[in-house]
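So the structure is just underneath, and the comments pick up after that.
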Amino acid sequence: MRYLSTRGDTTPRQFCDILLEGLAPDGGLYLPEHYPRIDTGELARLRAVHAGEGYAALAFEILRLYIADIPEADLRAICRKTYTREVFGTREIVPLKPLEPGLFLLGLSNGPTLAFKDMAMQLLGHLFEYELGRRAAELNILGATSGDTGSAAEYAMRGKTGIRVFMLSPHGRMSPFQQAQMFSLQDANIHNIAIEGVFDDCQDIVKAVSNDLAFKAKYRIGTVNSINWARLLAQVVYYFAGYFEATSPHPNPLPEGEGEIPKVSFTVPSGNFGNVCAGHVARMMGLPIAHLVVATNENDVLDEFFRTGIYRVRAAADTLETSSPSMDISKASNFERFVFDLLGRDGAATRALFGEQLARQGFFDLSGDARFQDAAQRYGFQSGRSTHADRLATIRDVHQHCAVTMDTHTADGVKVARGHRAAGVPMIVLETALPIKFAETITEALGHPPERPAKFDGIEDLPKRVSVLPADVAQVKALIAQQTKI
Ligand SMILES: *Cc1c(COP(=O)(O)O)cnc(C)c1O
């Protein structure tokens, strides 16, 4: 399998060539040159592997289709090391919980930081360590976070050989729980840097450091952001697992002429379009998905596109702070991958939209394009939007009627999913975080805080390891240089 860029660069690259990279050199995103097809016989085999050998074996079977440059025995070992009961809390790794007849939650948030990002980031940690070991190289991961991504990255990279993490966060602006999660890590390769400023200041510093090409090369600066293909690929696996769980114990394949392969739909709380894009990849591979429902909060860039065909990015000032903060986005950084497929994989057309029109006028309009008009039909996408009031009402309702406490992002998913149910098709909502991470809003909805998993008792009282710096690029660079000792 080789990889190409959504903006037309077709220099052949292997998986490990793009593993440690962000954007392609032409500014596009990497995608495989084709999606391997899973036919009914192969689907039945994967179902048996999942049922018999578990999630890690299923992950290996999916990953090997996309990774030709890691020996299979090594890849299998990496998957086994990553998806363990010890790290993810259950034997199933992604347990499926029924909410009401035909409506399920897929539990993706039982990893170390209690959000779905652990599913991919934990794999990335092992892949990075493996590949850096092969190259005898080192990597300094530099990132900015306001919460979920930074902590998932730190928990994935802690103690890994050849890797250091420098994570910037806005000083005093994360919740006490989030600060405790990150700052209590005592590993020597994890560096928390609290910047005296807001999240945008942190992001500006990351950009400034990355734009200093000499510094970037000398100190081997890399990132782990959501456009990384390996992260997306890791997420494809749980669409298969969720499908198998929700349609078990159906015989599969059914004997010819005796019925149809069952279908399911997924609803995905969405921000940067990474999670639901993995669902798109699974569907392109042939997983029987009826619909992929994109759920947004008040920051409804994506819902607007799927309703109207107009993709209009928001200015920072028009991006609202909501009670599902991990979906507060102004543009969806993975969306270009889907549009590339929608346009028949035309790199020049994708470049014209994302590289030119968006930069020039802040939006593009595909409403008149026949390829958009049958997109729902061909690619199964639907969408909906949820508000703060919807979240509170849904959290309350599900708590009362299903005895399940949900986090705010998952609640956006359930709200939107309920408007897109179809008879006979199970609907699976991806649970993207546990409620303890957003205790304030849960308390607002239920009158009491959510339950705290025992392993997080008292984390706010643990010693903290963090450097506070002014919003100054030179001081951040100095800290990186001092820790790297070149
Ligand atoms: C990151 C995140 C999302 C959004 O996922 P995307 O892949 O950016 O669409 C939703 N919910 C939670 C809790 C998250 O951390």
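The values are calculated or read from the model by the stated rules, or taken from the named source; none is laboratory data. In this text the structure is predicted, and so the values were computed from the model without any measurement. Using ideal geometry, Cβ is built from the backbone for each residue, glycine included, and neighbour counts are taken over all protein chains shown. When the accessible area is computed, the model is the full protein with side chains, heavy atoms only, and any ligands, DNA or RNA have been set aside. Shrake-Rupley method; radii C 1.70, N 1.55, O 1.52, S 1.80 Å.
Packing, taken as the mean count of other beta carbons within 10 Å per residue, orders the peptides 276-283, 299-306 from highest to lowest as 276-283, 299-306. With R₀ fixed at 56 Å, the C-beta to C-beta distance from N211 to A376 puts the FRET efficiency at about 0.90. Per-residue surface analysis assigns L106 an accessible area of about 0 Å², computed on protein heavy atoms at 1.4 Å probe radius.
Multiply the residue separation of A188 and K485 by 0.36 nm, subtract the distance between their alpha-carbon atoms, and state the gained length in nm to one decimal.
105.5 nm
Per-residue ellipticity at 222 nm, computed for the chain from helices alone with -39500 (n - 2.57) per DSSP H run of at least four residues, works out to -12500 deg cm²/dmol. Compared with the direct C-alpha span, the chain from R465 to Q400 gains 19.4 nm at full extension, assuming 0.36 nm per residue. Ordering 404-413, 64-73 by mean Cβ neighbour count within 10 Å, with the highest value first, yields 404-413, 64-73. The alpha carbons of the stretch 236-451 give a radius of gyration and a Dmax of 18.3, 57 Å, in that order. Each of I310, V429, L168 was scored by the projection of its Cα onto the charge dipole of the chain, and the greatest displacement toward the positive side belongs to L168; charges sit on the C-beta of Lys, Arg, Asp and Glu. To put it simply, the accessible area of the stretch 236-451 at a 1.4 Å probe is 49 percent carbon and sulfur.
Of the listed residues D212, D200, the order by accessible area with a 1.4 Å probe, largest first, is D200, D212.
May I ask what percent, to the nearest 5, of DSSP beta bridges between residues of the chain are antiparallel? If you can, show how the numbers build up before the last one.
Numbers: 13 of 49 bridges.
Of all bridge pairs located within the chain, approximately 25 percent are antiparallel.
Rounded to two decimals, the Cα radius of gyration of the stretch 104-155 over 2.2 N^0.38 Å is 1.31.
Note on the stretch 236-451: antiparallel DSSP beta bridges, both residues inside, total approximately 25 percent of the bridges counted.
Tell me which aspartates and glutamates have Cα within less than 16 Å of K207's Cα, excluding those fewer than 8 residues away on the same chain? Qualifying aspartates and glutamates at Cα under 16 Å: E21, D472. Accessible area of T40 (1.4 Å probe, protein heavy atoms only, ligands and nucleic acids ignored): about 60 Å².
Pairs spanning more than 22 Å between alpha-carbon atoms, out of K81/K263; K117/K263; K117/K160; K218/K464: K81/K263; K117/K263; K218/K464. Using a probe of 1.4 Å, the accessible surface attributed to H401 totals some 130 Å² when neighbouring protein chains are kept in position. Each Lys and Arg contributes +1 and each Asp and Glu -1, all at the Cβ; summed about the Cα centre of the stretch 236-451, the dipole is approximately 320 debye.
Computed extension length for Q357-E72: 98.3 nm, one decimal, from 0.36 nm per residue of separation with the Cα-Cα distance subtracted.
Just need log10 I(q)/I(0) for the chain at q = 0.06, 0.09, 0.12 Å⁻¹, Debye formula, equal scatterers on the alpha-carbon atoms, no solvent, rounded to two decimals. At q = 0.06, 0.09, 0.12 Å⁻¹ the computed log10 ratios are -0.25, -0.59, -1.13.
Averaged over its residues, the chain has an accessible area of 39 Å² per residue, based on protein heavy atoms and a 1.4 Å probe.
What net charge do the residues around L127 carry, taking every other residue with its C-beta under 12 Å from that of L127, with Lys and Arg at +1 and Asp and Glu at -1? Around L127, the surrounding residues sum to 0. Basic side chains Lys and Arg get +1 at the Cβ, acidic Asp and Glu get -1 at the Cβ, and with that the dipole of the chain about its Cα centre reaches some 800 debye.
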